[in-house]
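Peer 1: Please find one structure pasted underneath; my questions will follow.
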Amino acid sequence: MESAVTMSTQGNELRCFAPAKLNLFLHVIGRRDDGYHLLQTAFQLLDYGDTIHINTRSDGALRRIASDFGVPEEQDLIIRAAQLLKANTGTHFGADLQLEKRLPMGGGLGGGSSDAASTLIGLNHLWQCGLNRRELMELGLQLGADVPFFIFGQNAFAEGVGEQLQALSTNKQWYVVIEPGVQVPTPLIFSAKELTRDTKPVRITDFSNRLKNNWKNDLQAVASTLFPAVKDALEWLAQYGNAMMTGSGACVFCAFDSEAVAQQVSQQVPQKWQAWIAKSLHEHPMRSLVKD
Ligand code: C5P
């Protein structure tokens, strides 16, 4: 059977995997004049995510095929990604786009950004637009701060608003991820008065060499206060290791060296929360489709 993680192509069709990400730490080190926050973070790709089915059309139309995840078409990032690529390249092609959604919205797993990135990569390939990785990443940034990372396609140390990326080698791990059942709006967390924005900058080498440091998620305290379910899930998972929130929440995770232990922990998760396990990915399954 074909793995859900891979990508498959057949003529004018492409099935694209859109992996989730975790932020292994996330520091807010400042704020730009335009209000966006300066971050340092480590992005980890997971073998769990959404799937997008693309069929090219010769009539130029862009169609969304029955999607029931509650986002109006004009806000849907896969449609916006397709429109952006079409406007920038002037291609006469169109596409039918169908999203199989597994990643929760407002979960901090980068679902919408990953969907947008896989759509850009898939359409750039099928439409033969010929944009290289750098060009696609620049387009992607217009859709969201995390989109360039997914097009970069490797686990990464990120700075700026998340768009300055350096490849990072990470350990093979199994992650237990809990969805606390709330949607956290990212702007709400970033705009909170209580958010600390002055964590001292760290170096990629300190993270790579696993130097002891206070590797934390600076958004976690604010999200936990505003969304008690996030706090509860963190406290529950902390019995088993270093539990942390990803992105601006709501999901929380804990790393394990062994799949069996991760399975055992995930089976103990209280019924009120959704939980799953995922393995770290070495790179994005669509990475080789983009030329450097
Ligand atoms: O880029 P994205 O859509 O993920 O960001 C959502 C919102 O989160 C932004 O409009 C901004 O308010 C906030 N944000 C921020 N600093 C960042 C990333 C996001 O303030 N580095």
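The values are calculated or read from the model by the stated rules, or taken from the named source; none is laboratory data. What you see is a predicted model, and the numbers here were worked out from it, not measured in a lab. As a convention, Cβ positions derive from the backbone with ideal geometry for all residues, glycine included, and neighbour counts pool all protein chains shown. These accessible areas exclude ligands, DNA and RNA; they are computed on the full protein's heavy atoms, side chains included. Shrake-Rupley method; radii C 1.70, N 1.55, O 1.52, S 1.80 Å.
Peer 1: For Gly162, work out the one condition from (1) modelled with pLDDT under 95; (2) within 16 Å of the ligand (Cβ to nearest atom); (3) on the phi < 0 side of the Ramachandran plot it doesn't fulfil.
Peer 2: Of (1) modelled with pLDDT under 95; (2) within 16 Å of the ligand (Cβ to nearest atom); (3) on the phi < 0 side of the Ramachandran plot, only one is false for Gly162: (3).
Peer 1: When you go through Gln75, Gln83 one by one, which is the residue that is within 16 Å of the ligand (Cβ to nearest atom), open to solvent by 10 Å² or more (accessible area, probe 1.4 Å) and more than 30 Å from Lys200 (Cβ to Cβ)? Talk me through it step by step, then tell me what you get.
Peer 2: Details: Gln83 fails: within 16 Å of the ligand (Cβ to nearest atom).
None of the other options fit; the residue is Gln75.
Peer 1: Given the structure, is Leu99 in a helix (DSSP H, G or I), away from the ligand (no atom under 16 Å from the Cβ) and surrounded by 24 or more Cβ atoms within 10 Å (Cβ to Cβ)? Break it down into steps so the answer makes sense when it comes.
Peer 2: Working: in a helix (DSSP H, G or I): no; away from the ligand (no atom under 16 Å from the Cβ): yes; surrounded by 24 or more Cβ atoms within 10 Å (Cβ to Cβ): yes.
It is false that Leu99 is in a helix (DSSP H, G or I), away from the ligand (no atom under 16 Å from the Cβ) and surrounded by 24 or more Cβ atoms within 10 Å (Cβ to Cβ).
Peer 1: Could you tell me how many of the residues in the stretch 109-135 are closer than 21 Å to Gln166 by Cα, surrounded by fewer than 24 Cβ atoms within 10 Å (Cβ to Cβ) and in contact with a helix residue (DSSP H, G or I) (Cβ under 7 Å, 6 or more places away or on another chain)?
Peer 2: 2
Peer 1: Among the residues of the stretch 66-84, are any in a strand (DSSP E or B) and touching a Lys or Arg at 6+ places or on another chain (Cβ under 7 Å)? Show your work before the answer.
Peer 2: Quick first cut of the stretch 66-84, residues in a strand (DSSP E or B) only: none.
Checked the stretch 66-84: no residue is in a strand (DSSP E or B) and touching a Lys or Arg at 6+ places or on another chain (Cβ under 7 Å).
Yes or no, residue by residue, for (1) of a type in the set (Val, Ile, Thr); (2) closer than 23 Å to Asp47 by Cβ:
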| residue | (1), (2) |
| --- | --- |
| Leu131 | no, no |
| Ala158 | no, yes |
| Gln166 | no, yes |
| Thr170 | yes, yes |
| Gln173 | no, yes |
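Peer 1: Only one of His37, His92 is farther than 19 Å from Cys16 by Cβ and open to solvent by 50 Å² or more (accessible area, probe 1.4 Å); which? Steps first, please.
Peer 2: Working: His37 fails: open to solvent by 50 Å² or more (accessible area, probe 1.4 Å).
Going through His37, His92 in turn, the sole match is His92.
Peer 1: While we're on this one: Tell me, yes or no, whether the stretch 133-150 has at least one residue that is more than 12 Å from the ligand (Cβ to nearest atom) and assigned to a loop (DSSP other than H, G, I, E, B).
Peer 2: no
Peer 1: A further question on this structure: Filter the stretch 140-154 down to the residues that are over 14 Å from Gly247 (Cα atoms) and either touching a Lys or Arg at 6+ places or on another chain (Cβ under 9 Å) or surrounded by fewer than 24 Cβ atoms within 10 Å (Cβ to Cβ) (or both) and list them by number.
Peer 2: Taking the stretch 140-154 and keeping what is over 14 Å from Gly247 (Cα atoms), we get 140-143, 148, 150-154.
The answer is Leu141, Gln142, Leu143, Phe150, Ile151, Phe152, Gly153, Gln154.
Peer 1: Now for a separate question. Could you tell me whether the stretch 12-30 includes any residue that is modelled with pLDDT under 95 and surrounded by fewer than 20 Cβ atoms within 10 Å (Cβ to Cβ)? Full working, then the answer.
Peer 2: Here is the first cut: in the stretch 12-30, the residues modelled with pLDDT under 95 are 12-13.
Okay, now just the ones that are also surrounded by fewer than 20 Cβ atoms within 10 Å (Cβ to Cβ), so 12-13.
Yes.
Peer 1: Just the residues that are surrounded by 13 or more Cβ atoms within 10 Å (Cβ to Cβ), within 11 Å of Gln98 (Cβ to Cβ) and free of Cβ contacts under 8 Å to residues at least 60 places away in the same chain, please, taken from the stretch 50-65.
Peer 2: Thr51, His53, Asn55, Arg63, Arg64
Peer 1: Before we move on, is Gln164 more than 11 Å from the chain's Cα centre (by Cα), open to solvent by 10 Å² or more (accessible area, probe 1.4 Å) and free of Cβ contacts under 8 Å to residues at least 24 places away in the same chain? It would help to see each step written out before you state the result.
Peer 2: Values: more than 11 Å from the chain's Cα centre (by Cα): yes; open to solvent by 10 Å² or more (accessible area, probe 1.4 Å): yes; free of Cβ contacts under 8 Å to residues at least 24 places away in the same chain: yes.
In short, yes.
Peer 1: Turning to a different aspect of this structure: Suppose the filter is open to solvent by 50 Å² or more (accessible area, probe 1.4 Å) and not aliphatic (A, V, I, L, M); does Ser169 pass it? Give the derivation first.
Peer 2: Details: open to solvent by 50 Å² or more (accessible area, probe 1.4 Å): yes; not aliphatic (A, V, I, L, M): yes.
It is true that Ser169 is open to solvent by 50 Å² or more (accessible area, probe 1.4 Å) and not aliphatic (A, V, I, L, M).
Peer 1: Which of the following residues is at pLDDT 95 or above and open to solvent by 40 Å² or more (accessible area, probe 1.4 Å): Asp47, Asp68?
Peer 2: Step by step, each of Asp47, Asp68 is checked, and only Asp47 is at pLDDT 95 or above and open to solvent by 40 Å² or more (accessible area, probe 1.4 Å).
Peer 1: Continuing with this model, one more query. Please list, ordered by first then second residue, the pairs with beta carbon atoms under 7 Å, 6 or more apart or interchain, first in the stretch 251-275 and without any contact (Cβ under 8 Å) to a residue 60 or more places away in the chain, second assigned to a helix (DSSP H, G or I).
Peer 2: From residues that are without any contact (Cβ under 8 Å) to a residue 60 or more places away in the chain, the pairs are Pro270/Trp236.
Peer 1: Hand me the list of strands (runs of 3 or more DSSP E) wholly inside the stretch 1-62 holding 2 or more residues that are within 12 Å of the ligand (Cβ to nearest atom).
Peer 2: Numbers: elements: 8-10, 13-31, 37-57.
Where strands (runs of 3 or more DSSP E) fall fully within the stretch 1-62 and carry at least 2 residues being within 12 Å of the ligand (Cβ to nearest atom), they are 13-31, 37-57.
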